[in-house]
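Right, one structure below, let's go through it.
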Amino acid sequence: MRKQIAAANWKMNLTYQQGEKLLDDILDTKIKLASHQLTIFAVPYPYLLLTRSEVEEGTNYFPAAQNCHHKKSGAYTGEISVEMLHSLNIKYCVVGHSERRDYNGETNSMLADKVNLCFENFITPIFCCGEPLHIREAGSQNDFVATQLRESLFHLEPQVIKNIIIAYEPIWAIGTGKTASTEQAQEIHKYLRSVLAKQYGEAVADEIPILYGGSVKANNAKELFSCPDVDGGLVGGASLVAADFIEIIKALKK
Ligand code: PEP
């Protein structure tokens, strides 16, 4: 059964103490997840160990890094390698968030290197794709996201890519309060799955979770997650409020 995932992206928010309280408030509710359901907290690097120790071993709650460097190691002051994350027993890493593509000049080819390093280090990439507003307005979103997948992922073997998580995040909906409609979300998720199926076959495409990201909130998560090709969400703003993120976790399909 395909995984369903509620993934929090804290970005550069919260002090250590605020983060600890937020985790406590969410985890104290002990929401029981089915075996194919996961909750992932993509937290700032200094909070990874705290998050790892707060989530109980053997549950379906996991910490994730928000980024990693595209080189294995070396003279890259201030950067964090995938090997370092692996040495902390981190199992998930967000790769190619639109903010990093925009502000840090991350290209599809750099992201291919990050994805490779993640898999070599037993870390599942949460690979973000999604179009800016002018591309959506021109109606070219399908070609845009297909190119992102092709240039960053399609060198992978089927037995490798089947383990990835994809997050479709239309840039015009991130942090703007604008959410894609359920029809828009389902349409492009279905398209992304068809692109994966064309390259790798239906069986592989059917295994890959495709999350929606872009102003997911407590009051729209259930409707978005009910779409057949939406397998959960990558959530920014609403993941910083315990009561909201709790509702988003609960919105995963039964
Ligand atoms: C994100 O950071 O990936 C995101 C989707 O943010 P928000 O939920 O705030 O739009």
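Give me the residue from segment 136-181 that is of a type in the set (Val, Ile, Thr) and within 16 Å of the ligand (Cβ to nearest atom) and, out of that set, farthest from Ile210 (Cα to Cα).
The selected residue is Thr176.
Can you confirm whether segment 80-99 contains a residue that is basic (Lys, Arg), at pLDDT 95 or above and in contact with a strand residue (DSSP E or B) (Cβ under 7 Å, 6 or more places away or on another chain)?
The answer is yes, given that some residue of segment 80-99 is basic (Lys, Arg), at pLDDT 95 or above and in contact with a strand residue (DSSP E or B) (Cβ under 7 Å, 6 or more places away or on another chain).
Within segment 221-233, is even one residue in contact with a helix residue (DSSP H, G or I) (Cβ under 8 Å, 6 or more places away or on another chain), in a strand (DSSP E or B) and within 16 Å of the ligand (Cβ to nearest atom)?
Checked against the condition, which is being in contact with a helix residue (DSSP H, G or I) (Cβ under 8 Å, 6 or more places away or on another chain), in a strand (DSSP E or B) and within 16 Å of the ligand (Cβ to nearest atom), segment 221-233 yields at least one hit.
Those residues that are of a type in the set (D, E, K, R) and either in contact (Cβ under 8 Å) with a residue 12 or more places away in the chain or touching a Ser or Thr at 6+ places or on another chain (Cβ under 7 Å) (or both), I need them from segment 72-92; list them, please.
Listed by number, the residues that qualify are Lys72, Glu83, Lys91.
Would you point out which residue out of Gly177, Gly201 is modelled with pLDDT under 95, farther than 16 Å from Ala6 by Cβ and more than 18 Å from the chain's Cα centre (by Cα)?
After ruling out the rest, the residue left standing is Gly177.
Looking at (1) surrounded by fewer than 24 Cβ atoms within 10 Å (Cβ to Cβ); (2) part of a helix (DSSP H, G or I), which one does Gly177 not meet, given that it meets all the others?
Condition (2) is where Gly177 drops out.
If you check Ala221, Ala203, which single one turns out to be surrounded by fewer than 16 Cβ atoms within 10 Å (Cβ to Cβ) and hydrophobic (A, V, I, L, M, F, W, C)?
One residue alone meets the criteria, Ala203.
Answer yes if at least one residue in segment 183-196 is outside any helix (DSSP H, G or I) and of a type in the set (A, V, I, L, M, F, W, C), and no otherwise.
No.
Among the listed residues Gly201, Gly236, which satisfies the condition of being within 13 Å of the ligand (Cβ to nearest atom) and not polar (S, T, N, Q)?
Within the list Gly201, Gly236, the selection yields Gly236.
Filtering segment 84-100 down to residues that are under 15 Å from Tyr47 (Cβ atoms) and within 16 Å of the ligand (Cβ to nearest atom), which residue is nearest to the chain's Cα centre (by Cα)?
Looking at residues that are under 15 Å from Tyr47 (Cβ atoms) and within 16 Å of the ligand (Cβ to nearest atom), I get Val94.
The values are calculated or read from the model by the stated rules, or taken from the named source; none is laboratory data. Only a predicted model underlies this, so the values are computations on that prediction, with no experimental measurement involved. All Cβ positions, even for glycine, are placed from backbone atoms using ideal geometry, and neighbour counts span all protein chains on display.
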